[in-house]
Structures are given as structure tokens and as C-alpha cells.
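Data first, discussion second: the structure below is written as C-alpha cells.
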Amino acid sequence: DLLKSVSRTLPRAHTEEAGVVLRFGKIHAVTEPGLRYRLPWPIDSVLTPKVTSINREEIGFRTLGEGAGRGGQQRDVPEESLMLTGDENIVDIDFTVLWQVRDAGEYLFNVVGPSQTIKQVAESAIREVVGKNNIQFILTDGRTKVADDTRLLIQQILDGYNAGVLITQ
């Protein structure tokens, strides 16, 4: 009976979450899922961000409805996707950034609105990479190089912000 009453009062730990224990509002520890002891509410509190799930940000388009990815309806967002190349041509680029939380403490407290920050950094990074290359290179041989350079630049900028995220793709 004691075990049943304790399990009802404890929050459910999910394997995709990490526990960020705050003591008097300051990060005290970052813990893995499982049963942990913490002091009562005025002293300790726990935040549980999902750290293993892969998140996605769409730049240049929005997927409508439930069909994420191919097969779902998409709406174009030209203010994000139209950009100028190094040889002064306009190119329309739609892409998706996949990311996950690398450091739960940094993710929660160093950047306000991490999802929006990642989207803005990605848009800025792709514009920089595209602006340094000509249209022929971007549309043919350099497609994977542009993607790799953009991913590295996004990660470098976010590391500078101590955002606590990892760009996976």
C-alpha cells in the first residue's frame, strides 16, 4: 500500500525525458529517468524536457495537416525560401532542419524560444551559404555541399548561443 501511495504522488518519468532539478531556481542537477529523491517544492522543482525525440523545423514551406513529410499538403512561404545567389540570381530553397536536445540545462535556460531561434538561425545560415555560391553550383554538384555547410554553420551559431541543441540533419 505504501508503494501504491508513493507512486501516485510521484510524476511519471518517461525514457525520452531528462530531469533538470532546480534548487531555489538554480540548476542543481540533470538526471536520467528513474526514481529520484528531491526536496519539497519551495526548495526543489523539476523540469522534464524531451531530450531524445527528433524535432523538425520547416524553412520555406509548412506542412498542412497530419501528413508530415512526403505525401502531405504543403504551403509555400516565399519570404523564407527566396534568396539571392552569389551571381545575383534568385533561387527558391525549401529545407527541413532536424534537431534534438543535447544539454537539457542549456536548452531550457540559455535561449528563449529555442524552436524559433533554430528556425531563424537556419534561415540566416542558408542565406549566407547560398550567397557565397553561384546558381549552377547550388542546383547541381554543390547541393550536398550546401546542405553540409549550412548544417555546420547552424551548429556553430547555436553553440555560440549555448543553446544546448544538436543539429542532426
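The values are calculated or read from the model by the stated rules, or taken from the named source; none is laboratory data. Values in this document were obtained by computation on a predicted structure and should not be read as measured data. Note: ideal-geometry Cβ built from the backbone for every residue, glycine included; neighbour counts use all protein chains shown. We work out accessible area using only protein heavy atoms, side chains counted, and drop any ligands, DNA or RNA first. Shrake-Rupley method; radii C 1.70, N 1.55, O 1.52, S 1.80 Å.
Details
- For segment 1-31, the candidate set comprises residues that are modelled with pLDDT of 80 or more and either polar (S, T, N, Q) or part of a loop (DSSP other than H, G, I, E, B) (or both); within that set, the residue that is least open to solvent (accessible area, probe 1.4 Å) is Gly25.
- Taking first residues from segment 93-119 that are free of Cβ contacts under 8 Å to residues at least 60 places away in the same chain and partners that are of a type in the set (Ser, Thr, Tyr) and part of a loop (DSSP other than H, G, I, E, B), the Cβ contacts under 7 Å between residues at least 6 apart in sequence or on separate chains come to Asn110/Tyr161; Val111/Tyr161.
- Near pairs, Cβ below 6 angstrom, 6+ apart or cross-chain, from segment 22-44 (more than 19 Å from Asp103 (Cβ to Cβ)) to any residue that is part of a strand (DSSP E or B) and among the basic types (Lys, Arg): Asp44/Arg23
- Remark: pairs (first residue in segment 141-169, within 18 Å of Arg56 (Cβ to Cβ); second residue open to solvent by 80 Å² or more (accessible area, probe 1.4 Å) and part of a helix (DSSP H, G or I); Cβ separation under 6 Å; 6+ apart in sequence or on different chains) = Ile167/Arg151.
- Qualifying residue in segment 99-117 (condition: more than 20 Å from Glu17 (Cβ to Cβ), among the hydrophobic types (A, V, I, L, M, F, W, C), under 14 Å from the mean Cα position of the chain (by Cα) and part of a helix (DSSP H, G or I)): no
- One residue stands out among those in segment 122-148 that are in a helix (DSSP H, G or I) and more than 17 Å from Leu84 (Cα to Cα): the one that is least open to solvent (accessible area, probe 1.4 Å), which is Asp148.
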